[in-house]
């Protein structure tokens, strides 16, 4: 799903920002060991920040 579609769904209430972040955290946790893209991955902080949206 493209970012614009995600934004529309969040704004309409069809999806929550938290669910979007949780899905992305799950994907990152699956592939990060193979790609090693992050020096620091703060999933907990992302969830805290999302709850403030």
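Nothing in this text is a laboratory measurement; each read-out follows from the coordinates by a stated rule. Because the structure is predicted, anything quoted here is derived from the model rather than measured. Backbone-built Cβ (ideal geometry, glycine too); neighbour counts: all protein chains shown.
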**Request:** For region 28-47, enumerate the residues that are in a helix (DSSP H, G or I) and either touching a strand residue (DSSP E or B) at 6+ places or on another chain (Cβ under 7 Å) or exposed (fewer than 10 other Cβ atoms within 10 Å of the Cβ) (or both).
**Result:** 30, 33, 34, 35, 44
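Quick grid of which residues meet (1) without any contact (Cβ under 8 Å) to a residue 24 or more places away in the chain; (2) in contact with a helix residue (DSSP H, G or I) (Cβ under 7 Å, 6 or more places away or on another chain):
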| site | (1), (2) |
| --- | --- |
| 5 | yes, no |
| 13 | yes, no |
| 19 | yes, no |
| 22 | no, no |
| 25 | yes, yes |
| 33 | yes, no |
| 38 | yes, yes |
| 52 | yes, no |
**Item:** Within region 1-18, considering residues that are surrounded by 14 or more Cβ atoms within 10 Å (Cβ to Cβ) and part of a helix (DSSP H, G or I), the one farthest from the chain's Cα centre (by Cα)
**Value:** 9
